[in-house]
């Protein structure tokens, strides 16, 4: 298998570049990432549709990954409850090595061929759920064997990888391959590959939540009012939607506890 993610950087002698040149060259490489993601949209769309169908039936979405990929999955999953007001067990991110690996590397955790399935079983995973494996190289054993076992148990699988024809893709019902090319620092897939994975995760979770009715017009009407900024945002949504002044809108927001509930009550 060709591992483009490990190919030598097209830039040489990085240590001799000025700070300005380093930044310009990194930025030049980063600009190519959205174009690579755009090419993958025809593969992302059916994955989103499959997730929506399962979640409408009561299923959940799981992300599994190691290192940067695992952390990105956890980040996306953790943002769903505050952004869309959904329960914390709707979207779940799992990382090789457990929670300790979120902050620091856990040696050889990604090499386990059994741990991903063991981690998933802690959540009583079944055929109602969907599992997306995230791996820049597409070769991570934790992810490869996690998806393989999911398929053997009738669970829908997807993946986000940055190499074509990767082993992870072999066990994904909906493979998404975003080919971003060699990294600026050879093999440092936290850079372009990580950016690509983050963009795709944003697209998947946001599209799924919109399809599940967690966005009204273009507003986060179910967001959690967990700080002053979000209370202010919710207040302004009510102001603009229902033609209230700021004080009236905030009073109704705090009374009902969410933008959606306040809207429903006032419209009735």
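The values are calculated or read from the model by the stated rules, or taken from the named source; none is laboratory data. Quick caveat: nothing in here was measured; it's all calculated off a predicted structure. For neighbour counting, all protein chains shown are included, and Cβ atoms are generated from backbone atoms with ideal geometry for every residue, glycine included.
Checked against the criterion of being surrounded by fewer than 21 Cβ atoms within 10 Å (Cβ to Cβ) and at pLDDT 95 or above, the candidates 91, 48, 131, 106 yield just one match: 48. Looking across the range 218-243, the residues that are more than 18 Å from residue 85 (Cα to Cα) and touching a helix residue (DSSP H, G or I) at 6+ places or on another chain (Cβ under 6 Å) come down to 239, 242. Scanning the range 241-268 for residues that are closer than 14 Å to residue 228 by Cα, free of Cβ contacts under 8 Å to residues at least 40 places away in the same chain and not in a helix (DSSP H, G or I) turns up just one, 257. Restricting the range 80-122 to residues that are in contact (Cβ under 8 Å) with a residue 60 or more places away in the chain and assigned to a loop (DSSP other than H, G, I, E, B), the residue that is farthest from residue 137 (Cα to Cα) is 85. Filtered by the rule that a residue be assigned to a helix (DSSP H, G or I) and surrounded by fewer than 20 Cβ atoms within 10 Å (Cβ to Cβ), the range 200-228 gives 202, 203, 206, 207, 210, 211, 228. Please go through the range 148-168 and give me each residue that is in a helix (DSSP H, G or I) and either touching a residue at least 40 places away in the same chain (Cβ under 8 Å) or surrounded by fewer than 24 Cβ atoms within 10 Å (Cβ to Cβ) (or both), ordered by number. Selection gives 148, 149, 151, 152, 167. If we keep just the residues of the range 55-67 that are part of a helix (DSSP H, G or I) and buried (at least 19 other Cβ atoms within 10 Å of the Cβ), which is modelled with the lowest pLDDT? Per the stated criteria, the residue is 67. In the set 180, 185, only one residue is surrounded by fewer than 18 Cβ atoms within 10 Å (Cβ to Cβ), out of contact with any strand residue (DSSP E or B) (no Cβ under 9 Å at 6 or more places or on another chain) and not in a helix (DSSP H, G or I); that residue is 185. Checking each residue in the range 188-199 for being surrounded by fewer than 23 Cβ atoms within 10 Å (Cβ to Cβ), in contact (Cβ under 8 Å) with a residue 60 or more places away in the chain and within 12 Å of residue 29 (Cβ to Cβ) picks out 191, 195.
Scan the range 11-33 and tell me whether some residue there is under 18 Å from the mean Cα position of the chain (by Cα), part of a helix (DSSP H, G or I) and either touching a residue at least 60 places away in the same chain (Cβ under 8 Å) or exposed (fewer than 15 other Cβ atoms within 10 Å of the Cβ) (or both).
yes
Would you please name the residue that is nearest to the chain's Cα centre (by Cα), looking only at residues in the range 109-128 that are crowded, with 16+ Cβ neighbours inside 10 Å and farther than 14 Å from residue 97 by Cβ? This residue is 120.
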